[in-house]
Amino acid sequence: MSEPWTDEKGNPLDPSRNPARDPLLDPALDPSADSGMDLTELEAEDESNLAIYACTADRSERLDRFLAAQWPNLSRSRFQKLIEAGQVQVNDAPCTNKHGEVKSGDRIVVTIPPDRPLSLEPQAIPLDILYEDSQVIVINKPAGMVVHPAPGHPDGTMVNALLAHCKTLPGMEMPSINGVQRPGVVHRLDRDTTGAIMFAKTDLANQHLQAQLRYKVAQRTYLGIVYGAPRDDRGVVDLPIGRHPVDRKKQAIVPVEKGGRKAITHWFIEERLGNYTLIRFELQTGRTHQIRVHSAELGHPIVGDPVYGSGRSIGVNLPGQALHAWRLRFQHPLNYEWIDTEAPLPEHFQTLLEVLRRRSGPVF
């Protein structure tokens, strides 16, 4: 790493102490510690019943909006479906009108019915394997491929491909959460983000690899091309991220007191390309869309980003955002030796670089 990471109190972290072992060997550790990563964009609460007393500052508020604000891990559309299905009670009476009003002091109970497990089918989809042994596999993910099955993406995912390759993955017996099933998934990449992503092949590996992300042992490095030219050569973005208050499919900078979660991105300029810049990003946390949101907040969105980008055409056909998970470094879950993997740049990323280099001309 180019910089020593710090914990929540600002103390430097020492990777040599191998904190990845702690969650397995020290039961005194808090198992609810924030992992610094989001595995899914929509993740239901563990409880089947959610209850709250409304406090709306003496004003009424629409029921679905109120619920979505209280539980940002569930989408507003999800709450609307629960309301229509009679799964929401206000003051012990079912409410099926999503436009119903909530007043201060109202008691609201939401019942989330259990999800039915998805049928995970192995699919013989070619995989670009960067590293593999009995415990872990690292794949070079192509653009356009979803990591795990979820509503709207029941198959054709990396998990489906891995089941054909590995036959079984840890967590297959677990029920889906909000229609999402993610056996073997340690972390995620957005659908159109390319590059290195690791999967666990055993329960032991799954626990260790997730612990390495939680305690900042595993290291993830990305390359991205952004619009504009940052003034400085390096920097840190330390801004909390949460669900967008209006567009629930997007993330945004959201204060912690309003549901945002701590998010830290370190960035370093690799190459200046006129009005564009190649940047190396190193994640200290791993929130949903973190690099994309932080880059846009800096005023330098990722080129080709259909959600957070400027929408300007660059004259190069891109499948999505020009963001690539370049390097992934972690400790092996059995012998703790360091494993270093690097995913080569995809063809569309290389083409974009070549075009921008020609446009920017020689550097003196």
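Observations
- Near G315: Cβ cut-off under 15 Å, other residues only, Lys/Arg at +1 and Asp/Glu at -1. The net charge is +3.
- Solvent-accessible heavy-atom area per residue, rounded to whole Å², over region 142-254 at 1.4 Å: 37
- Each residue of region 185-200 is assigned a 3J(HN,Hα), and the resulting list reads 7, 9, 8, 10, 10, 4, 3, 9, 8, 9, x, 6, 9, 9, 10, 8 Hz, derived from the Karplus form 6.51 cos²θ - 1.76 cosθ + 1.60 (θ = phi - 60°), x at Gly and Pro.
- Solvent-accessible area, 1.4 Å probe, carbon plus sulfur percent, for region 213-364: 49
- Close amide H partners of T277, meaning residues 5 or more places away or on another chain with modelled amide H under 5 Å apart, are V226, G228.
- Taking a straight line from the alpha carbon of K103, these lysines sit under 20 Å away, with near neighbours fewer than eight places off in the same chain left out: K258.
- Across region 133-139, coupling constants 3J(HN,Hα) worked out from phi with the 6.51/-1.76/1.60 Karplus curve, θ = phi - 60°, read 8, 6, 10, 8, 9, 10, 10 Hz, and Gly and Pro carry x.
- Across region 212-228, coupling constants 3J(HN,Hα) worked out from phi with the 6.51/-1.76/1.60 Karplus curve, θ = phi - 60°, read 5, 6, 5, 9, 6, 8, 5, 10, 10, 10, 10, 10, x, 10, 10, 6, x Hz, and Gly and Pro carry x.
- For region 228-364, the Cβ-based charge dipole about the Cα centre amounts to some 500 debye (Lys, Arg positive; Asp, Glu negative; other atoms uncharged).
- Region 303-364 and region 259-298: distance between their alpha carbon centers, rounded to Å: 12
- Measuring between alpha carbons in the structure, the pairs from K141/K216; K81/K249; K81/K141; K98/K262 lying more than 25 angstrom apart are K81/K141; K98/K262.
- Spin-label proximity, S310 to region 265-282 - amide N less than 15 Å from point 7 Å beyond Cα toward beta carbon: 273-278
- Nitroxide proxy distance, nm - points 7 Å out along Cα→Cβ at R359 and Q123: 3.4
- Projected label distance in nm at W338 and Q350, using a 7 Å step from Cα toward the beta-carbon: 2.7
- Among the protein heavy atoms of region 86-175, carbon and sulfur supply 53% of the accessible surface, probe 1.4 Å, non-protein parts ignored.
- Spin-label model, V236/N275: points 7 Å from Cα along the beta carbon direction are separated by 3.3 nm.
- Cut-off under 5 Å, modelled amide H: who pairs with L130 long-range: V138, I139, N140
The values are calculated or read from the model by the stated rules, or taken from the named source; none is laboratory data. Bear in mind the structure is a predicted one, so any value in this text is a computation, not a measurement. All Cβ positions, even for glycine, are placed from backbone atoms using ideal geometry, and neighbour counts span all protein chains on display. What goes into the accessible areas is simple: the full protein's heavy atoms, side chains included, and nothing from ligands, DNA or RNA. Shrake-Rupley method; radii C 1.70, N 1.55, O 1.52, S 1.80 Å.
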